[in-house]
Amino acid sequence: MLKKLSFSPVVIAVILTVALLLWLFSGDNYSAKQQAPAEQQVPKAEIAVVETEWSDAKAYQATQVAQGQVMPWRSVSIKAQQAGTVEAILKQQGERAKQGDKLIRLSDEGRAASLAQAKANLVLRKSELDSARALGKNKFLSATELTRLESELAKAQAELTAAELAVTQREPVAPFDAMVDRRHVEIGSLVQPGTELMQLVQINKLKVTAQVPQQHVSALALGQHVSLRLLDGRKLDGELSFISYAADTATRSFYIEVTAENPDLWRIAGASATVEIALDAIQAHHISPALLSLDNSGQLGLSVVNEQKQVEFYPVTLLSADNDGAWVSGLPERAQIITQGAGFVKTGDTVRIAGAKA
């Protein structure tokens, strides 16, 4: 019987192993029931380190820049008002003409004779009317005849005026002080009413026209100083003299005019120029363009550190930019701008400042 209950060494080893596992499991379970497991240690978040520099707002002279067209102050085409042949050219191209100076002389074409006849006819009509009025007082002349003679006198007066005008129009004159810019006829040219004779331009004063976008027109005011920069580098000073009241329907921009003196009579009428209009001075910061960034909505701005050492994002307006830096508005009067590490922090983060440059 005992021989049948005997176990082999392999079976005994298996039994002992199972018993050991049961004992170990019961010990861990008892320990878990007696004490709570230790809390997990959450690693502390590290505070980001940034570099900053202080920036103080300064007065910035803002300008509105546009491309303009330089025009003569006044330009007029002198045209023939009477038919005739050009007898003399009294002002040549490039010459200066004063107001009232004669420019060209046309042939008489019988105008002087017509003027003499009109004068004689007027004298006759006046004499006839004076005699009729004397007879009318004695009732030897009817009222109807007197009225007819008065009408004849008025007609003679009108004919004299027309004859005098025809003689005057033989010699067109300059309507204002100007330069003769073009001459379209020669001596002997046959002209008709409406034929172009000369082109006069006044260039001692210039008019510059330009278009300003609708979003910038509210900053403009009549009388603002304007700097005109020509393509060859020369400059002229002027002032804003006109702003249209309605925008162009095609471009949605406003038409403006600038008045500029041209005492040296520079030959620039018809050329293009850059128009820089001086606006009211505003407070702005001068920064490096590399510090600008975009927020999640695509707004251009700068990251700054406030008094609580927290990051704030200020949207800014770019006023101008060149090789020396950029001028922006929208920041506080004094701001601590992040110069290094702005890309690793977000709005509301608390930061540690490694160094702040003045």
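Looking at the range 242-253, can you tell me whether even one residue there is in a loop (DSSP other than H, G, I, E, B), closer than 12 Å to THR209 by Cα and among the hydroxyl-bearing types (Ser, Thr, Tyr)? Break it down stepwise before answering.
Taking the range 242-253 and keeping what is in a loop (DSSP other than H, G, I, E, B), we get 244-252.
From the residues that got through so far, the ones that are closer than 12 Å to THR209 by Cα too are 244.
Narrowing further to those that are among the hydroxyl-bearing types (Ser, Thr, Tyr): 244.
Checked against the condition, which is being in a loop (DSSP other than H, G, I, E, B), closer than 12 Å to THR209 by Cα and among the hydroxyl-bearing types (Ser, Thr, Tyr), the range 242-253 yields at least one hit.
When we screen ARG170, ARG148 for residues that are outside any strand (DSSP E or B) and surrounded by 15 or more Cβ atoms within 10 Å (Cβ to Cβ), the only hit is ARG170.
Candidates are the residues of the range 64-89 that are closer than 30 Å to SER288 by Cβ and open to solvent by less than 80 Å² (accessible area, probe 1.4 Å); the one that is modelled with the highest pLDDT is ALA66. GLN61 fulfils the conditions (1) open to solvent by 70 Å² or more (accessible area, probe 1.4 Å); (2) assigned to a helix (DSSP H, G or I); (3) modelled with pLDDT under 90; (4) of a type in the set (S, T, N, Q) except for a single criterion, (2). So which residues in the range 316-341 are over 23 Å from the mean Cα position of the chain (by Cα), open to solvent by 40 Å² or more (accessible area, probe 1.4 Å) and farther than 15 Å from GLN283 by Cα? Answer for the range 316-341, where residues must be over 23 Å from the mean Cα position of the chain (by Cα), open to solvent by 40 Å² or more (accessible area, probe 1.4 Å) and farther than 15 Å from GLN283 by Cα: ASN323, ASP324, GLN340.
Quick check: is even one residue across the range 289-299 farther than 30 Å from LYS58 by Cβ, open to solvent by less than 80 Å² (accessible area, probe 1.4 Å) and among the aliphatic types (A, V, I, L, M)? Looking through the range 289-299, none of the residues is farther than 30 Å from LYS58 by Cβ, open to solvent by less than 80 Å² (accessible area, probe 1.4 Å) and among the aliphatic types (A, V, I, L, M). Quick check on this structure: which one of ALA97, ALA158, ALA88 is among the aliphatic types (A, V, I, L, M) and either over 60 Å from the mean Cα position of the chain (by Cα) or more than 28 Å from ILE203 (Cα to Cα) (or both)? So the residue among ALA97, ALA158, ALA88 that is among the aliphatic types (A, V, I, L, M) and either over 60 Å from the mean Cα position of the chain (by Cα) or more than 28 Å from ILE203 (Cα to Cα) (or both) is ALA158. Pairs needed: first member in the range 128-141, within 13 Å of GLU152 (Cβ to Cβ); second member anywhere, at pLDDT below 75 and of a type in the set (Val, Ile, Thr); C-beta distance under 7 Å; at least 6 residues apart or different chains. Pairs that qualify, where the first residue is within 13 Å of GLU152 (Cβ to Cβ) and the partner is at pLDDT below 75 and of a type in the set (Val, Ile, Thr): there are none.
Is there a residue being at pLDDT below 90, part of a strand (DSSP E or B), closer than 23 Å to ALA221 by Cβ and under 24 Å from the mean Cα position of the chain (by Cα) anywhere in the range 255-269? Checked against the condition, which is being at pLDDT below 90, part of a strand (DSSP E or B), closer than 23 Å to ALA221 by Cβ and under 24 Å from the mean Cα position of the chain (by Cα), the range 255-269 yields no hits at all.
I want to confirm something. Restricting to the range 272-286 and keeping residues that are surrounded by fewer than 18 Cβ atoms within 10 Å (Cβ to Cβ) and touching a Gly at 6+ places or on another chain (Cβ under 8 Å), which single residue is farthest from LEU230 (Cα to Cα)? Per the stated criteria, the residue is HIS286.
When you check SER303 against the structure, is it over 18 Å from the mean Cα position of the chain (by Cα), open to solvent by 70 Å² or more (accessible area, probe 1.4 Å) and hydroxyl-bearing (Ser, Thr, Tyr), yes or no? Here the answer is no, as SER303 does not meet what is asked. Which of the residues that make up the range 223-262 are exposed (fewer than 11 other Cβ atoms within 10 Å of the Cβ) and aliphatic (A, V, I, L, M)? The answer is LEU231, ALA246, ALA250.
The values are calculated or read from the model by the stated rules, or taken from the named source; none is laboratory data. As the structure is a computational prediction, the values presented were derived from the model and not from experiment. Backbone-built Cβ (ideal geometry, glycine too); neighbour counts: all protein chains shown. For accessibility, only protein heavy atoms count, side chains too; no ligands or nucleic acids. Shrake-Rupley method; radii C 1.70, N 1.55, O 1.52, S 1.80 Å.
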